[in-house]
Amino acid sequence: MTITTNFEEVYQKIAALVKINPEDLLLRICELLKQEVYHYDWVGFYILDQKKDELVLGSFVGKPTQHTHIAVGKGICGQVAASGQTMVVQDVTQVENYISCGLEVQSEIVVPVLKNGKFVAELDIDSHSPAPFTNKDNEFLAKVCDLLADCF
Ligand code: SME
């Protein structure tokens, strides 16, 4: 019996994967996360602009936000950029130094992306559910961010 591999077909599949540029890849991941996880309502990446000491919004899905630039230290996003540590806010009405992106948002998790131990970007997720986040979200999202470090 001879098994003939269609190398051309396999090559085309690989070529299609390689073509996904980091920006498209990040957008696809945002879409996937929002689609697959019920309590993820807005999913986006903020990227550090080191020179300006601010975060710039990259790929995202959900309601457009006016907060496309956030200074390091400001809001939940800026605090995560400053500390390099994940922040979970189960009730956004209970925290100071929070930047609202809409009254429908009840909770938020922000997970840093570290590249060679240095903060380069973060994954920001807003939820319309009250207190939906558990350690499973933290662990899962930390793994996702580890996987994506080379996109930044
Ligand atoms: N709530 C964030 C601002 C970004 S929006 O959630 C998209 C904050 O406090 O930093």
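The values are calculated or read from the model by the stated rules, or taken from the named source; none is laboratory data. Here the structure is a predicted model, which means the values were calculated and not measured. Counting neighbours? That spans all protein chains shown, and the Cβs are built from the backbone with ideal geometry, glycine included. The protein model used for the area step is the full one, side chains on, heavy atoms only, and it has no ligands, DNA or RNA in it. Shrake-Rupley method; radii C 1.70, N 1.55, O 1.52, S 1.80 Å.
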Checklist entry - Take the residues of the stretch 55-72 that are in contact (Cβ under 8 Å) with a residue 24 or more places away in the chain, outside any loop (DSSP other than H, G, I, E, B) and more than 8 Å from the ligand (Cβ to nearest atom): which is nearest to Gly84 (Cα to Cα)? => result Leu55
Next on the checklist: Condition first: β-branched (Val, Ile, Thr) and more than 17 Å from Glu54 (Cα to Cα). Now tell me which residues in the stretch 77-96 satisfy that.
Outcome noted: Thr86, Val88, Val89, Val92, Thr93, Val95
Checklist entry - Out of all the residues in the stretch 77-89, which are in a loop (DSSP other than H, G, I, E, B) and crowded, with 17+ Cβ neighbours inside 10 Å? => result Thr86
Checklist outcome for this item: Note on the stretch 10-30: residues open to solvent by less than 100 Å² (accessible area, probe 1.4 Å) and over 29 Å from Ala82 (Cβ atoms) are Val10, Gln12, Ile14, Ala15, Ala16, Ile20, Asn21, Asp24
Checklist entry - How about the stretch 63-104: which of its residues are under 15 Å from the mean Cα position of the chain (by Cα) and of a type in the set (Gly, Ala, Ser)? => result Gly78, Ala81, Gly84
Item to check | Cβ pairs under 7 Å, 6+ apart, first in the stretch 82-99 and more than 18 Å from Ala71 (Cβ to Cβ), second more than 12 Å from the ligand (Cβ to nearest atom) and open to solvent by 70 Å² or more (accessible area, probe 1.4 Å) | outcome: Asp91/Pro130
Next on the checklist: I need the full set of residues from the stretch 88-110 which are of a type in the set (A, V, I, L, M), under 23 Å from Asp146 (Cα atoms) and within 9 Å of the ligand (Cβ to nearest atom), in order please.
Outcome noted: Val89, Val110
Next on the checklist: For the stretch 36-54, give me each residue that is within 14 Å of the ligand (Cβ to nearest atom) and within 15 Å of Lys74 (Cα to Cα).
Outcome noted: Tyr46, Ile47, Leu48, Glu54
Item to check | the stretch 110-152, subset open to solvent by 50 Å² or more (accessible area, probe 1.4 Å), aliphatic (A, V, I, L, M) and not in a helix (DSSP H, G or I), residue farthest from Asp24 (Cα to Cα) | outcome: Ala131
Checklist entry - Condition test on Tyr40, is it part of a loop (DSSP other than H, G, I, E, B), in contact with a Leu (Cβ under 7 Å, 6 or more places away or on another chain) and under 17 Å from Val111 (Cβ atoms)? => result yes
Checklist entry - Which number in (1) at pLDDT 95 or above; (2) open to solvent by less than 70 Å² (accessible area, probe 1.4 Å) marks the one condition that Gln94 misses? => result (2)
